[in-house]
Each structure stands twice: as C-alpha cells, then as structure tokens.
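Before any comments, here is the structure.
Every read-out reported here was derived from the displayed coordinates using simple, explicitly stated rules and does not represent laboratory data. Keep in mind it's a predicted model, so treat the numbers as computed, not measured. Here Cβ is always computed from backbone atoms with ideal geometry, including for glycine, and neighbour counts include all displayed protein chains.
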Amino acid sequence: MVQVSESLFYKDVLLVFFEKEGYVYSNSSPTLLENIAKNLNNLSAPASAPKNFIVVHKKIIATSAFAVGGLVLTPIIVVGLIQAIGFGVGGIAAGSFAAWLMSLNGGATAAGSLVAILQSIGAAGLTAGATIGTGAAGATFMGTAGAKLFEEKSDSIMADLTERMDSNPKGQAQLDEFVKVYEEGNEDKNSEKGSTRVVFEIRDKLLTNNEAFKNFLETFVLAYNASKKLVNKKQQFKFFVDKTDKMDIAGKKLENLNVHLVKNYGAECVDKQAQSCTIMLNCSNL
C-alpha cells in the first residue's frame, strides 16, 4: 500500500477540496478533482453497495453452505456467486455489484486487478473456477477478495493525492496561507512513546472566509474518516491560531470548531484551551 505521512495526507485532501472550491490555484480539470473527491467521500462513508448486494442476493448466500467456523464454498458455489454478482460469460452486467466495483476505478479494468480476475472466472465458468480449489480454498479466495479490492482502491487514492500535491506547488503555497499542516512530537505522557500529532495552524485568511472555514471543518471530518481506513493509526490533532490581530474573529471560529469536533467525536476527546487559542483532539480511543 502507498504510504504517506499523516500530516501530508491531511494536507493533500485539503488541497483537493480547496482546489475544487476555487480557494487556491488549480492546474487540474474539474472532472479529475471531482473524481478524487468522490472517491474520498465513498471511502469515508459506510459501504452501502456491498450491504445492498447482500440484501438483494440473500437467497443465494443463504443456500451456499454455512459452517460453524465460517462460510465453506465449493468451486461450483464460488463460480455461481461470482456470476450472480454480475461477472458473467457475456461481460459485466449493467447495474450489478460487479459494475459498481468497476466504477470505483472510473470504469477501467487493470490487468491483474480484482475486477479482472473475477471477470475472467465468471466468463470461463467452472473450468476456471476449478482452479480455485475445493472447499476451504474457495472460502479463502472469497474472504480475501474484498481486502484485495480495498488495497487496490486505497493505493489508487493515495497515488492520486500524492500526484496532486507534487504537481501543484502554487496551490500548496496558497493553501498554507489558509491553514498550515504539519506534525510535531507529542509530549503528552498519556500518548504512545514516539507518537506524533497532526497540527493545523489556522491563518487569518481562513478565519475571515466563512465559506472556506466551513469547507475546512467538513473536509477534516471526511479526511479523518478516510484516514482510519487508509492510515489506520490512532491519531491526535492540534488546532491553533497564533499571533493574529483578529482575536475576536479567531475566538468565534475556534468556538465553531470546538462545537464541530465535540459533535463528531465527543466532548471527552476535545480539550479547548482558550488562553492559548488551541484545541486538542485525541482520537486514540475512537
């Protein structure tokens, strides 16, 4: 899986959404930015398509031989399930679960990807399915299919974000005028040794732009939800305003931020320090 630092991930996501809304310079097409934003939204939200698939095909699943230790599949059942979700002899069925999987990569099917593998099995039928193996091997294949798809999609998202950052230094510099994102060592005795904290240094340009500030709040929550799946670490954050002549505005914006964080993560995770214009967010227990 493609790896980036936590702070860079948040900065990448903010850059995409600030480009998309026109707050900073963009050298990408609106369609590209929209696709990246859509992928991040899909990743941060509960996966509804697999759930709907199970509801629609519950009769097939219910008759596919469940054992106490898990689902046991024969090669025939494996192929049947693959074809049932839309990977058929004539190709991928429109409106099916298979079509949804393919849409995650913009309709493209890379050689060796999960979609390509499933389609080859569904098209060839039992002959190809028999190569999967019997019983436990079939269960292992189906059990790891979702993980393979997620890894492919995660790598694609991370690569897109990294490419955006690398290709748009002007937009990156302008984003720093709104909010500067970086990491600092975490000295909190209750934190894991050597852990880091992602810092959001909020600048006047963000404080005085209500729409941009609202976008920042929404984008942070989206990025955090996505990062739980992509970065998969217990994370801590610091939001602060430093040396501004707009303290009245800063106080109101920090209160808005405090309310937003408490609403999304609970009061027990948020520590507002009014005197230093700082808000700490500890998501270690979430």
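With each pseudo-label sitting 7 Å past Cα toward Cβ, what's the Val259-Asp245 distance in nm, one decimal?
If labels sit at Val259 and Asp245, their model points lie 2.9 nm apart.
Quick one: if you stick a label point 7 Å off each Cα along the C-beta vector at Asn41 and Ser276, how many nm between them?
Simple spin-label model gives 3.7 nm for this pair.
Of the cross-linked pairs Lys229/Lys253; Lys38/Lys246; Lys229/Lys252; Lys205/Lys229; Lys180/Lys252; Lys38/Lys170, which ones have a Cα-Cα span greater than 25 Å in the structure shown?
Those over the limit are Lys229/Lys253; Lys38/Lys246; Lys229/Lys252; Lys205/Lys229.
Based on the mean of other Cβ atoms within 10 Å per residue, sort peptides 269-276, 172-179 so the most packed one is first.
Those peptides, ordered most packed to least, come out 172-179, 269-276.
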